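Input: a single structure, listed below in structure tokens.
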Amino acid sequence: MQLSELINVNRIRNDVDVKSKKRALEKLSSLIAQDQTQLDASEIFDSLISRERLGATGVGYGIAIPHGRIKNCKNITGAFIQLKEAIDFNTPDNRPVDILFALIVPEESTDEHLQVLAQLASMFSEQSFRQELRKSKSNEDTYQLLTSWQKSD
């Protein structure tokens, strides 16, 4: 699955000013809900926060990939925020998080969900890619970076 199928420029924000994991998840939830008429932000937030309670979704390098399953969700949908200041996210490397890519997935979507998570983990594991993302200041530039990424050999 291509990232361009999961995210659009309207669900990307740079320089977001939030001070906690909860506020970051609320921001991501509202971004996803804005163009998903069958879902509301509180339902998305509840799904993301429930998943966080099972285990933090911070992956290291200042990156988190919060995700959750939702009944009324028809397609895997994502949102991206880059924070003005990094926040604690209980990551394996104990580094604060400044880049978050959230996903909501249909309840029955398992294989595709795992493939997307693996793709995101691979993308965010590349130091040069993370550096480019952190330099990006416009939603459009960030969208181009995310959707044009190709795995290095």
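Looking at the structure I just gave you, is Thr91 crowded, with 17+ Cβ neighbours inside 10 Å and part of a loop (DSSP other than H, G, I, E, B)?
On the way: crowded, with 17+ Cβ neighbours inside 10 Å: yes; part of a loop (DSSP other than H, G, I, E, B): yes.
Yes.
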- [ ] Would you be able to say whether some residue in the range 76-90 is out of contact with any Leu (no Cβ under 6 Å at 6 or more places or on another chain), on the phi > 0 side of the Ramachandran plot and not hydrophobic (A, V, I, L, M, F, W, C)?
- [x] yes
So, first residue on the phi < 0 side of the Ramachandran plot in the range 142-153, second residue modelled with pLDDT under 90 and surrounded by fewer than 18 Cβ atoms within 10 Å (Cβ to Cβ), Cβ within less than 6 Å, six or more apart or across chains; the pairs are Thr147/Ser4
Residue pairs within 6 Å by beta carbon, gap of at least six or interchain, first lying in the range 81-98 and among the acidic types (Asp, Glu), second modelled with pLDDT under 95, listed first then second, are Asp93/Gly60
> For Ile63, are the conditions met, namely being in contact with a strand residue (DSSP E or B) (Cβ under 8 Å, 6 or more places away or on another chain), of a type in the set (A, V, I, L, M, F, W, C), more than 19 Å from Asp35 (Cβ to Cβ) and surrounded by 13 or more Cβ atoms within 10 Å (Cβ to Cβ)?
Replying inline: yes
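In the range 14-31, which residue that is charged (D, E, K, R) and on the phi < 0 side of the Ramachandran plot is surrounded by the fewest Cβ atoms within 10 Å (Cβ to Cβ)? Before you say what the answer is, go through the steps one by one.
Of the range 14-31, the ones charged (D, E, K, R) are 15, 17, 19, 21-23, 26-27.
Checking the rest, the ones that are also on the phi < 0 side of the Ramachandran plot come to 17, 19, 21-23, 26-27.
Numbers: Asp17: 9, Lys19: 12, Lys21: 22, Lys22: 14, Arg23: 14, Glu26: 18, Lys27: 21.
Result: Asp17.
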Residue pairs within 7 Å by beta carbon, gap of at least six or interchain, first lying in the range 32-50 and surrounded by 15 or more Cβ atoms within 10 Å (Cβ to Cβ), second among the charged types (D, E, K, R) and in a helix (DSSP H, G or I), listed first then second, are Ile32/Arg11; Phe45/Glu26
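Select, from Ala86, Ala102, Ala24, Ala56, the only residue that is closer than 23 Å to Glu126 by Cβ and part of a loop (DSSP other than H, G, I, E, B). Lay out the reasoning, then the answer.
Values: Ala86 fails: part of a loop (DSSP other than H, G, I, E, B); Ala102 fails: part of a loop (DSSP other than H, G, I, E, B); Ala24 fails: part of a loop (DSSP other than H, G, I, E, B).
Checking each option against the conditions leaves just Ala56.
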Within the range 66-88, restricting to residues that are among the β-branched types (Val, Ile, Thr) and at pLDDT below 95, the one that is surrounded by the most Cβ atoms within 10 Å (Cβ to Cβ) is Thr77
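The values are calculated or read from the model by the stated rules, or taken from the named source; none is laboratory data. Just so you know, these numbers come straight off a predicted model, no measurement behind them. No Cβ is skipped: glycine too gets one built from the backbone with ideal geometry, and neighbour counts run over all protein chains shown.
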